[in-house]
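Written below as structure tokens is the structure these notes are about.
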Amino acid sequence: MAKSHVTTTVNGDEYEFLCDTEQTLLDILRDELLLTGTKEGCATGDCGACSVMLDGCLVCACLVLGVEAAGKSIETVEGLAHGDELHPLQQKFLEHNGAQCGICTPGMLIAAKALLEVEPDPSETEIRYWLAGNLCRCTGYDKIIRAVMAAAEEMREVRS
Amino acid sequence: MDELRYEAPETLDAAVALLAGADGDARILAGGTDVLVLLHCDMIEPDLLIDIKKIPELTGIAEEDGGFRVGAAVSAMELVEHDAFPKAWPGVVEGVKLIGSIQIKGRATMGGNVCNASPAADSVPALIAAGAIGTIVGPDGRRDVPVEDIATAPGQTSLGKGEILVSFLFPPRPPHSGDAYRRFTPRTEMDIAVVGVGISLTLDDGGTCTAARVVLGAVAARALLVADAAAVLIGTPLDEAALERLAAVASAACRPIDDKRGTKEFRIKVAGVLARRVAQDAYERARGN
Ligand SMILES: Cc1cc2nc3c(=O)[nH]c(=O)nc-3n(C[C@H](O)[C@H](O)[C@H](O)COP(=O)(O)OP(=O)(O)OC[C@H]3O[C@@H](n4cnc5c(N)ncnc54)[C@H](O)[C@@H]3O)c2cc1C
Ligand code: FES
Ligand code: FES
């Protein structure tokens, strides 16, 4: 059977690709669209390194099929910065050393951004629970939590 | 290997026709959080995946006959964020909230949780305690079955060839009703229930229990609706003596296995302790409305 022809929007740009049913959205992003910011840790939904937004909903790209992305709007880490200007979360991750090897970082950033969209002023506990599906083998998490809190604060100040 | 086909029908009839007419292994794809893991690990080799998320009957939440009808393919996140459902069935929402991370909840569905038929599925004890009815449609038409009659053993359901679980009907709530779900896991998030307990209660104006459903998860091949445990609560104000008896009856009903998460003995003990606590949660909620 022929491959499926899929049209989807990633970070505001329209993309078209051909895919086999088995290919996940993660495979498509990385291997077909060459958007390699989104990482693969486990490919089974456990680590969150592949976190992306799918029509405004935080999901693991490894548990979505490429064909399921047809007609949807996807946001990945590549869409966070505006030119050279980093997103406040990216800036605070840098300042607080929230990234070491960096494999978990794109997923952490996307998941944290999703949290701040629904809760601009989260408690530390809320951040820890929200990020429970994002594993990090390096930082011990604390620096990540501090970075998210600092970014939340800055984003609230900018807004008010 | 033959190529894997993907279909996303927009009507229930088309989905049933595809499923019933398929030659090889045809699987329903709801949120895919179980199916795609199995596919990735080569534990299944289906010929056809039928995505049911474009079918209106499977994706809506509506009030019906004073209760609710929730599509089997509604995502966990959508249910948790709904404005009316969580107030009516906080225990069901407690179960659904425990299904994996935020990312997993963005995709996972209650229909998938029930049909995957894991004995540790977190929404299932609460659904059974709620008295939820599953509406199933297949080549021979439509039938309604209580959720406790859907999973039969690990990975096995009573659904026949071509049948799809379409929706869950939640009955209207009498006054002074409340439900609750808790599970025991070594970690607070991202873990699989060692024991789960769902309880739904109705009280009279004086606080005496008039109806109860007590369900234990992860202590047998499928979730257990324990009528004896409900019986010890009915007619009592859930005083110490009643809770004591509930714990003993719940523990006695367990038929668990030993595994890396817990021994038989541990599961039996924890089932009693959790049953007490969940009964108290449900009681507080019932008193409050
Ligand atoms: C990282 C991770 C953590 C998890 N944590 C938990 C947890 O804490 N608690 C828990 O209970 N589960 C957990 N799960 C398991 C899973 O997320 C749930 O079982 C979920 O509810 C499955 O729903 P789904 O829509 O994704 O199912 P799918 O994967 O789409 O389907 C599951 C099965 O049911 C069948 N099916 C689906 N819908 C229907 C239908 N309407 N009619 C007939 N058959 C149908 C499918 O063919 C398949 O066999 C976890 C999974 C992952 C990957
Ligand atoms: S790669 Fe998707 S969750 Fe790990
Ligand atoms: S920085 Fe290495 S996994 Fe998080």
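The values are calculated or read from the model by the stated rules, or taken from the named source; none is laboratory data. For clarity, every value in this text was computed on a predicted model and none was experimentally measured. Virtual Cβ from ideal backbone geometry, glycine too; neighbours counted across all protein chains shown. Heads up: the accessible areas ignore ligands, DNA and RNA and are worked out on the full protein's heavy atoms, side chains in. Shrake-Rupley method; radii C 1.70, N 1.55, O 1.52, S 1.80 Å.
At 1.4 Å probe size, with the rest of the protein present, what percent of the exposed accessible area of the protein assembly as shown is carbon and sulfur atoms?
Roughly 50 percent, rounded to a whole number.
Based on the alpha carbon coordinates of region B:5-49, what radius of gyration and maximum Cα-Cα distance (Dmax) apply, in Å?
Calculated on Cα positions, Rg and Dmax stand at 10.8, 31 Å.
Whole Å is fine, so just give me how far the alpha carbon centre of region B:225-289 lies from that of region A:59-128.
Computed from Cα coordinates, the inter-centre distance equals 41 Å.
Using a 1.4 angstrom probe on the protein heavy atoms only, line up B:133, A:145 by accessible area, largest first.
I get B:133, A:145, largest accessible area first.
In region B:52-145, what GluC sites (Glu not before Pro) fall in a loop by DSSP, with at most 15 other Cβ atoms inside 10 Å?
For GluC sites (Glu not before Pro) across region B:52-145 that sit outside H, G, I, E and B with at most 15 neighbouring Cβ atoms in 10 Å, the list reads B:81.
Can you tell me the relative contact order of region A:4-79? Whole percent, Cα pairs under 8 Å, sequence separation 6 or more.
40
What FRET efficiency would be calculated for the residue pair residue A:34, residue A:117, taking the C-beta separation as r and a Förster radius of 25 Å, to the nearest 0.05?
That gives a FRET efficiency of 0.40.
So what is the orientation-averaged projected area of region B:177-288, using the convex hull of its C-alpha atoms, in nm²?
Approximately 6.6 nm², given one-decimal rounding.
Over the residues of the protein assembly as shown, compute the C-alpha Rg and express it relative to 2.2 N^0.38 Å.
Taking the Cα Rg and dividing by 2.2 N^0.38 Å, one obtains 1.02.
One-quarter of the Cα convex hull surface for chain B, in nm²?
Mean projected area for chain B: 14.8 nm², to one decimal.
Which of the helices in chain B, when you take each full DSSP H run, stretch at least 27 Å along the axis at their Cα atoms and have an average Kyte-Doolittle score of -1.0 or higher?
B:264-287
Just the ratio, please: alpha-carbon radius of gyration of region A:1-133 over 2.2 N^0.38 Å, N its number of residues.
1.06
Mind checking the angle between helix A:105-118 and chain A's longest principal axis? C-alpha axes, 0 to 90 degrees, to the nearest 10.
Its long axis makes an angle of about 70 degrees.
What number, in percent, do you get for the relative contact order of chain B if the mean sequence gap of Cα pairs under 8 Å and at least 6 apart is divided by its residue count?
For chain B, the relative contact order is 16 percent.
Mean projection of the alpha-carbon convex hull of region A:4-79 over all orientations, in nm²?
Average projection, Cα convex hull of region A:4-79: 4.2 nm².
Over chain A, what is the relative contact order in whole percent, taking alpha-carbon pairs under 8 Å and six or more residues apart?
It comes to 23 percent, rounded to a whole number.
From zero up to wherever the largest Cα-Cα distance of region A:88-159 sits, split into 5 Å bins and tell me the percent of pairs in each.
Here the calculated profile for region A:88-159 is 3, 19, 33, 28, 12, 3, 1.
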